[in-house]
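Report on the following structure.
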Amino acid sequence: MTQLPKQTLRVGFVGSGFIAHFHLKSMIGVRNVEVTGVFSRKAENREKFANEVEALGLGSCRTHESLEALLTADDVDAVWILSPNYTRIDVMRSLHKAVKDGRSKVFAVACEKPLARTVAEAREMLSLAEDAGLNHGYLENQVFCTPVLRGKEIIWRRAATTTGRPYLARAAEEHSGPHEPWFWQGDKQGGGVLSDMMCHSVEVARYLLTAPGAPRNSLKIKAVNGTVANLKWTRPHYAEQLRNRFGNEVDYRNRPSEDFARATVTLEDQDGNELMIEATTSWAYVGAGLRIQLELLGPEYALEYNSLSTGLKIFMSREVKGSEGEDLVEKQNAEQGLMPVLEDEAGVYGYTDENRHMVECFRKGEKPLETFEDGLAVVEMLMGLYRSAEINATLNFPAPELEHYVPVVARRGA
Ligand SMILES: NC(=O)c1ccc[n+]([C@@H]2O[C@H](COP(=O)([O-])OP(=O)(O)OC[C@H]3O[C@@H](n4cnc5c(N)ncnc54)[C@H](OP(=O)(O)O)[C@@H]3O)[C@@H](O)[C@H]2O)c1
């Protein structure tokens, strides 16, 4: 049994792709942590990741050729699951078995969004973590976005205490489409943009509406209403573009996932007040880059945030030539004109505070703000929204039919 608190948490990463590198960048703003191991299937990816750990001064990172080797390493206390959605459950089953068999010393696990592709999978993720006695954290970075933390604190301290609680949260996350083929494949990812990005919006909106320190169940979900649509990527020109970029496995002529979704979630607080979440999300937004928009409205106040309304902007004339990149903002679409720049993406998007929080909770043995229970509750909302869109009707909660529900676009052969 590991004695807590531990002075330094030694973290092993499962996955070495886009988000793993984002997390790594943020870790330089986190104390009491070392990144000591990584597993992903390709040696070159593992090496690149380990070299970056070294360059950032985040510890000595060993590359592992198998998941088992990472999980049973004697220098790994906690695992961050950052591999694709369709690999989650197998990673978690392996971790559970290795811990139960006494082969692994891992005592905590954090998992990227969404926790799983279905309610059944999410429930299994939670019960595996609990059965193995692992502390668990759900990596929903938007809850830790610096404008969310600061905005929520001010609204609830100054405005809500004097004029009443907020009643409406609006959240949107949009960009021009994901970077790897598996995101576009309904069965692998779990759905389309609704599952990929609305997981952020419903959770950050719920968090903004929840009184500081109050438990998740202080707000009850009463009903959800969702719409999904294919606005851009099923058009022949764009379906062809996807096929050229990702190969025949991404076939948006015949097997598209939705590229637009909207949701309303009706909630009730402990005093019987009706509250509302309005969320919208798309892979069909071509602006400067990824855009997060948030609002929190109450009887005498309003909060608003737009991640592309940055303080820092850079103008580049048509004479400035260079290669395409994502060096100004995530999912960047241009390199000329007036461009917004997020000078600390890892901080503003919440990764730094998220990782600081998870590391401190894990090393001290405390329950994180976001756990697998929250991840499960998010998946329940998402599945409710898919079901609502499928039947073209509002779905009242609790909805036991969601236990084994699979979104239409995620059904094999869909
Ligand atoms: N919070 C956010 O805003 C945010 C943003 C992006 C992604 N995410 C989430 O992060 C997760 C990963 O997304 P990503 O964008 O990083 O995807 P990605 O760029 O495709 O990277 C996936 C990584 O997982 C590795 N991998 C694939 N299969 C594996 C397996 N069976 N076991 C271990 N590693 C495996 C891949 O490397 P090898 O090929 O070497 O195996 C790769 O390093 C997803 O769940 C996604 O939803 C969250």
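Every read-out reported here was derived from the displayed coordinates using simple, explicitly stated rules and does not represent laboratory data. Predicted, not measured: the structure shown is a model, and the values here were computed from it. All Cβ positions, glycine included, derive from the backbone under ideal geometry; neighbour counts span all protein chains shown.
Mind putting a number on the dipole of the chain about its Cα centre? Charges go on the C-beta only, +1 for Lys and Arg and -1 for Asp and Glu, and I need it in Debye to the nearest 20.
Approximately 220 debye in magnitude.
For an R0 of 51 angstrom, estimate the FRET efficiency from the Cβ-Cβ distance between ASN248 and GLU300 and round to the nearest 0.05. Once rounded, the FRET efficiency stands at 0.35.
Does the range 1-103 classify as rounded, prolate or oblate by the C-alpha gyration tensor (a ≥ b ≥ c root eigenvalues; a/c under 1.5 gives rounded; else a/b over b/c gives prolate, otherwise oblate)? Can you show the working numbers first?
Numbers: a/c = 1.69, a/b = 1.10, b/c = 1.53.
Oblate, because a/c is 1.5 or more while a/b does not exceed b/c.
Packing-based ranking of 229-239, 185-195 yields 185-195, 229-239, ordered from highest to lowest mean Cβ neighbour count within 10 Å. The mean sequence separation of alpha-carbon pairs under 8 Å and at least six residues apart, normalised by the residue count of the chain, gives a relative contact order of 21 percent.
Of interest is the spacing of the C-alpha centroids, which for the range 219-277 and the range 132-148 amounts to 23 Å. One quarter of the convex hull surface built on the alpha carbon atoms of the range 148-286 amounts to 9.5 nm², the projected area averaged over directions. Rg and Dmax over the alpha-carbon atoms of the range 355-396 stand at 15.8, 47 Å.
Hey, could you grab the Kirkwood Rh for the range 257-335? Inverse mean 1/r over distinct alpha carbon pairs, Å, one decimal.
On the way: mean 1/r = 0.0624 Å⁻¹.
By the Kirkwood definition, the hydrodynamic radius is 16.0 Å.
Taking a virtual spin label 7 Å from the Cα of GLU44 along the C-beta vector, which residues in the range 170-185 bring their backbone nitrogen under 20 Å of it? Taking a point 7 Å out along Cα→Cβ of GLU44, the residues of the range 170-185 whose backbone N falls under 20 Å are 179-182.
Annotation: peptides 375-382, 401-408, 125-132, 254-261, ranked by per-residue average of other Cβ atoms within 10 Å with the highest first, follow the order 375-382, 254-261, 125-132, 401-408.
If we sort 273-280, 139-146 on the protection proxy, mean other Cβ atoms within 10 Å, highest first, what's the order? Walk me through the numbers on the way to the answer.
Numbers: 273-280: 18.2, 139-146: 23.1.
Those peptides, ordered most packed to least, come out 139-146, 273-280.
Normalising the average separation of contacting C-alpha pairs (under 8 angstrom, six or more residues apart) by the number of residues puts the relative contact order of the range 159-229 at 31 percent. Cross-link reach is defined here as a Cα-Cα straight distance under 17 Å, omitting same-chain residues fewer than 8 places apart; for LYS6 the aspartates and glutamates meeting it are GLU34, ASP74, ASP75, ASP77, GLU360, GLU366.
Taking a threshold of 27 Å on the Cα-Cα distance, which of the pairs LYS220/LYS367; LYS113/LYS367; LYS222/LYS364; LYS25/LYS152 fall above it? Over 27 Å Cα-Cα: LYS222/LYS364.
Our estimate of slack between ASP271 and ARG150, defined as 0.36 nm per intervening residue step minus the Cα-Cα distance, is 41.0 nm. Taking a sphere under 13 Å around the Cβ of LYS232 and counting the other residues whose Cβ falls inside, with K and R at +1 and D and E at -1, yields a net charge of -3.
For the range 95-172, what percent of Cα pairs sit more than 17 Å apart? Distances greater than 17 Å cover 62 percent of the Cα pairs.
Over all distinct Cα pairs, what is the inverse of the mean 1/r for the chain, reported as the Kirkwood hydrodynamic radius in Å? Walk me through the intermediate numbers first.
Values: mean 1/r = 0.0453 Å⁻¹.
Roughly 22.1 Å, rounded to one decimal.
When DSSP beta bridges are limited to those with both residues in the chain, what percentage is antiparallel, rounded to the nearest 5? So the antiparallel bridges in the chain amount to around 55 percent. Directionally averaged projected area (the range 57-99, Cα convex hull): 3.5 nm².
Applying 0.36 nm per residue to the separation of LYS321 and THR161 and subtracting their alpha-carbon distance, the gain on full extension is 52.3 nm.
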